[in-house]
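Just so it is clear, none of the values below were taken in a lab; they were calculated from the coordinates. Nothing here was measured: the structure is a model prediction, and the numbers come from that model. All Cβ positions, glycine included, derive from the backbone under ideal geometry; neighbour counts span all protein chains shown.
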Amino acid sequence: MKESESVEEYFNRIITIVNQLKLNGELVEDKRVIEKILRSLTRKFEATVVAIEEAKNIEQMSIEGLLGSLQSHELRMKQYDSTPLEEAFQTQVALRGNFKGGCGRGFGRGRGYFGRGRGSYGTRGRGRAGRGESIQSDGGEVQGGTHGDGEGARGRGHGFRGRGRSNLANIKCHFCKRYGHTYRYCWKRQESEEANADLVQEKEVEKSEDTMFLTHNKEYGDSGDVCFIDSGCSNHMTGNIRLFVTLDNSIQSEVRTRDDNKLFVEGKGDILVQTRKGEKKISDVFYVPNLKHNLLSIGQLNQKGYVLTFSFDTCTIKDKHGFLIAKVKVTPNKMYPMKMICSLNGCLKTSIENHSRLWHCRFGHLSYKTLSYMSQKNIVDGLPHIEVEDKICEACVAGKQSRAPFSVGKSWRALKPLELIHSDLCGPMHTTSIGGNYYFLTFIDDYSRKVWVYFLKEKSQIFEYSNIFKALVEKESGHLLRC
């Protein structure tokens, strides 16, 4: 870890390397990553590392928990670095001891500048001139003594002396009651605060379990076309399996309800809904069989780029381009039920009453008599009773027809252009052309084998285009069209 690098930047760099290793097929455990992070931290995290290694079980610790602990320590250090200059100057004066102060007791009442006790410079109090013993500094108490003279009557004061120098060995911490450091740099206090911060974070995160907090009344029943917009739901959820267009049953998880009960997730997929912008796909929806209502997570919608705006009595949902998707009115019990027409995928079951026709096709149009014989003799296992039908099978008739050969004669070819023209019309087509035509008409010159093609919208246009073709080719070739 670099000195100028933040905890978040360092963790992002480590996670990127771990993901690359996993993509290459290497198994990287969280324990190994945590140990590597603890070994590579800078010296400013030394107290935190010692506290984690002594107070926690690294095998049960998560990477997210370690990140939270280190970020808490980093935040406290940044707060200390931003201490006002006046406080830092007072601490520096007290620690270096260039001037040693004492609170003095003077004879009678008056102002005391040197002496014994506590106080501030130039204040009134009780005291006598004599031996100064202590000085209050930043979180610690410096033990020492000096002789001073009190001026005036009895009083308290804060003074300085120009000789002597205090060291850290004489500084007492008010937190752990030990000498050698101040309250600000007490590692016992830092360890205690980090442990408390980790405890709070663990209770809040708790393995990042999916949660669901929803309170509703009975007026909606178990309607499948109502989706509740829920801020306490960590993921989209539904208990209606018919809503899914795709479902991955390998996704297994659990969600925790408001009363700390657990519901099991048995898949994740996509559902289609109808909105004012048309059909929309909602992805990454959990299938929770015991869930009676459809829940839309506000957090997950924000992650997908949708913007939710809550006004006085309306929730407005817009996509990332700013187009309006839906407006949801609030109910008297402060719920946001969104009416959506779900696209249910249905499958119609078909059946064939005539099994004889079905088995006739399955056996390659075998004759009904042969099929009936096979059924009676139980030659084929599972073959039902076949009745001989009198109906004609069109496929059988077409397949059994015989074709007579074409008569063999002398072929005749044209000796000059336009002496013989072959023409054919094709259509109508199921799909129209770019110009909206259903037919095309061809003309082929027998002599040159040149082809002309014309597109027709209607069959009645044949005569019109034949005249156009005749005028065109006669002018281009200089020959007359004979037939």
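Other residues lying with their Cβ under 11 Å from the Cβ of CYS176 contribute a combined charge of +4, Lys and Arg counting +1, Asp and Glu -1. For the pair ARG178 and THR246, a Förster radius of 51 Å applied to the C-beta separation gives a FRET efficiency near 0.20, rounded to the nearest 0.05.
What's the magnitude of the charge dipole for segment 421-477 around its Cα centre, counting Lys and Arg as +1 and Asp and Glu as -1 at the beta-carbon? Answer in Debye, nearest 20.
Details: 6 positive and 7 negative charges, 20 e Å.
Rounded to the nearest 20 debye, it is 100 debye.
Looking only at segment 168-183, which residues have a backbone nitrogen under 18 Å from a spot 7 Å from the Cα of LEU41 in the C-beta direction? Flagged as within label range: none. For segment 1-77, just say rounded, prolate or oblate: build the C-alpha gyration tensor, square-root its eigenvalues into a ≥ b ≥ c, call rounded for a/c under 1.5, and beyond that prolate if a/b exceeds b/c, oblate if not. The shape class here is oblate.
A protection proxy built from the mean count of other Cβ atoms within 10 Å ranks the segments 379-391, 286-298, 450-462, most packed first, as 286-298, 450-462, 379-391. Over 32 Å apart at the Cα level, from the set LYS281/LYS457; LYS22/LYS327; LYS304/LYS329, are LYS281/LYS457; LYS22/LYS327. With a threshold of 21 Å on the Cα-Cα distance, the over-threshold entries among LYS262/LYS334; LYS36/LYS78; LYS416/LYS475 are LYS262/LYS334; LYS36/LYS78. Among 233-241, 173-181, 24-32, the peptide with the highest mean count of other Cβ atoms within 10 Å heads the list, and the full ranking is 233-241, 173-181, 24-32.
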